[in-house]
Amino acid sequence: MRRHPTRVARSTLLALAAAALLGAATLPTAHAAAAAGSAPGVAWLAAAGDADIERAFAQARSEKKPLLLYWGAKWCPPCNQLKATLFNRADFIERSKSFVAVHIDGDLPGAQKLGGRFKVRGYPTMILLSPDGSELTRLPGEVDAPQVMKVLQLGLAGGRPVKAVLADARAGKPVSGAEWRLLAFYAWDTDEAQLVPAAERPGLLAQLSAACPPAEADAATRLLLKALAESDDGKGLKPDAALRERVRQLLADAPATRRQMDVVVNTAADITKALAPEPGADRRMLAAAFDGALQRLQADASLSRGDRLSALASRVALARIDATKDERNPRLPPALLQQVREQVARDDREISDGYERQAVVTAGAYTLAEAGLWAESDALLKANLARSHSPYYLMSQLAGNARKLGRKDEALRWYEQAYAKSEGPATRLQWGAGYFSALVELAPQDAARIEQVAAQLFAEAARDPAAFHERSARSLQRVGAKLADWNRSGQHDAAIRRLQAGLGGTCGKLDAADAQRATCDGLLKSALKKA
């Protein structure tokens, strides 16, 4: 799943609000029902296989339009954010007449194979493609909708693919102002090494920021902030007083901060650590500057509930920046704790739409937990189980809470329930792998149960023709790796052999030339220790 309810290692929440139930698409295929996750007024074409994609590109060529591909899942809160704040906008609906809109639901039968074709992993991902299939750009999913509309317009204006723009920018060749903005707002988080390997990204972003012309100051600032956010662990930019002062001045400028809202909210703690690697005066100064900016965003009525909650969650992350990662009861200012309680309770009380509730409540529960308010986090999640269209997402959070607090049996019960309630082939393998991993880690002595759950997952994979592609393959590989760890000393060889025998029949049905065959054959390759 894509970095929800937080960016996990990348600090605070993504934009999380999700409001409108999105209407049906109009493509006359067997998969048309899947487009129920798309916005009313947008002629989304549901795609679950190569044939669907080829029809969509044929339409794009016939109508001389680009193609916008949206990759998401029902349970994904940031996906619901897009549905609420972008796809249902009148200007987006009108603009959609300028492109062919294609929706790939990750749980459709052939979706994971398509994921490999388009190099998409995290939900959501949006790609703008030319009619001949060339990738023009990847749209950011975490910025607010008006900014996305501007980036979309840049991509639709007949410009060059972002790959060509980047090559010229790196070579010092002429790049237009619009193209600098396209680079600044490119979805680097979902690039999947299409433009640059992840390890090289901090340095590249810093290089681009320095090369931006004076007239594109906002683009330069955005690229700099993104470079700083990825410059921890000795990568990218090196901190100095001038950089710290530049960021401090940005944070003091309310309009400038608002224009960079998503980067400020999502990476406040990361940037603070990058600029001040050690606790001390510099770190305290930056944390205070970020906190002031985040308070303004938290109170900004032009932002969605999810964005305002993201700002508050980022303040919590800053407040515990010097705490250890596994600190369960951080010492936070009482006033901040009270704001967390009040804002989460207000959101829970006021939200009426189920999609917005799914996004904001899960984010609120996470924020409560990060603040050390574990009982309140659990109570919020439990009270919303019956109101959620994907309760397994909330159940997995309850499992995570229990696990962090050392309540192993309770954690396993919630993980098991989450797997049982999960829906869709890719999602079931993902949630099942999560349950299995927890089972091996928390109850390694329960050999019968471990073998039973592994066998169930392999049986589900056998019924899914795309089980060994992309996300589903990674879920199964996670199971295989856990089995190898569990059988490190060879004490469970008999169970591994039984699992191999069952899996072998599934692998044997796959064509030897199919990449899935090698993935399937390799799942338990290292799990058996004895001859």
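The values are calculated or read from the model by the stated rules, or taken from the named source; none is laboratory data. Fair warning: this is a prediction, and the values are worked out from it, not measured in the lab. Neighbour counts are summed over all protein chains in view; Cβ atoms, including those assigned to glycine, are modelled from backbone coordinates with ideal geometry. Just so you know, the surface numbers come from the protein's heavy atoms only, side chains and all, with ligands and any DNA or RNA stripped out. Shrake-Rupley method; radii C 1.70, N 1.55, O 1.52, S 1.80 Å.
See the values below:
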item: Residues whose placed amide H lies under 5 Å from that of Thr125, excluding near-sequence neighbours; result: Trp71
item: Ordering of 378-384, 41-47 by packing [mean C-beta count within 10 Å, highest first]; result: 41-47, 378-384
item: For segment 343-492: rounded, prolate or oblate by the Cα gyration tensor [a/c cutoff 1.5]; result: oblate
item: From phi via Karplus (6.51, -1.76, 1.60), per-residue ³J(HN,Hα) for segment 388-397 in Hz, x at Gly/Pro; result: 9, 7, 9, x, 4, 5, 5, 4, 5, 5
item: By average C-beta atoms within 10 angstrom, highest first, the peptides 189-196, 77-84, 271-278; result: 77-84, 271-278, 189-196
item: Cysteines without a disulfide-compatible neighbour (Cβ-Cβ under 4.7 Å), the chain; result: Cys212
item: Solvent-accessible area, 1.4 Å probe, carbon plus sulfur percent, for segment 95-148; result: 50
item: Solvent exposure of the chain as accessible area per residue, Å², 1.4 Å probe; result: 40
item: Karplus-derived HN-Hα couplings along segment 81-88 (A = 6.51, B = -1.76, C = 1.60, θ = phi - 60°), whole Hz, x at Gly and Pro; result: 4, 4, 4, 7, 10, 10, 5, 9
item: Per DSSP, loop GluC sites (Glu not before Pro) in segment 422-489 with at most 14 further Cβ within 10 Å; result: Glu423
item: Simple Cβ-charge dipole of the chain, Lys/Arg +1 and Asp/Glu -1, about Cα centre, in debye nearest 20; result: 420
item: Most to least packed among 49-57, 507-515 [average Cβ atoms within 10 Å]; result: 49-57, 507-515
item: Within the chain, percent of DSSP bridges classed antiparallel, to nearest 5; result: 55
item: Helical contribution to [θ] at 222 nm, DSSP H n ≥ 4, -39,500 (n - 2.57), averaged over the chain, rounded to 500; result: -18000 deg cm²/dmol
item: Contact order relative to length of segment 124-278, as percent, for alpha carbon pairs under 8 angstrom and 6 or more apart; result: 18
item: Test item: Cα-centred dipole of segment 382-479, Lys/Arg +1 and Asp/Glu -1 on Cβ, debye; result: 360
item: Lys/Arg +1, Asp/Glu -1 at C-beta; segment 61-201 dipole; positive extreme among Thr85, Gly155, Ala187; result: Gly155
item: Rounded percent of accessible protein surface that carbon and sulfur make up, segment 327-379, 1.4 Å probe; result: 47
item: Relative contact order for segment 362-422, counting Cα pairs under 8 Å that sit 6 or more residues apart, in percent; result: 28
item: Spin-label model distance (nm) - Lys173 vs Ala254, 7 Å beyond Cα toward Cβ; result: 4.4
item: Carbon plus sulfur fraction of accessible area for segment 201-266, probe 1.4 Å, in percent; result: 54
item: For Rg and Dmax of the Cα atoms in Å, calculated from these coordinates, the label among (i) 36.4, 170; (ii) 24.3, 84; (iii) 23.4, 68; result: (iii)
item: Global form of segment 412-531, assessed from the alpha-carbon gyration tensor, a/c cut-off 1.5; result: oblate
item: Segment 291-426, relative contact order [Cα under 8 Å, separation at least 6], %; result: 18
item: Leading residue at positive end of dipole, the chain (Cβ point charges), from Ala495, Pro465, Val340; result: Ala495
item: Built amide H within the under 5 Å cut-off of Gly41, gap 5+; result: none
item: Tensor-based shape of segment 300-421 (alpha-carbon gyration tensor, a/c under 1.5 rounded, otherwise prolate or oblate); result: oblate
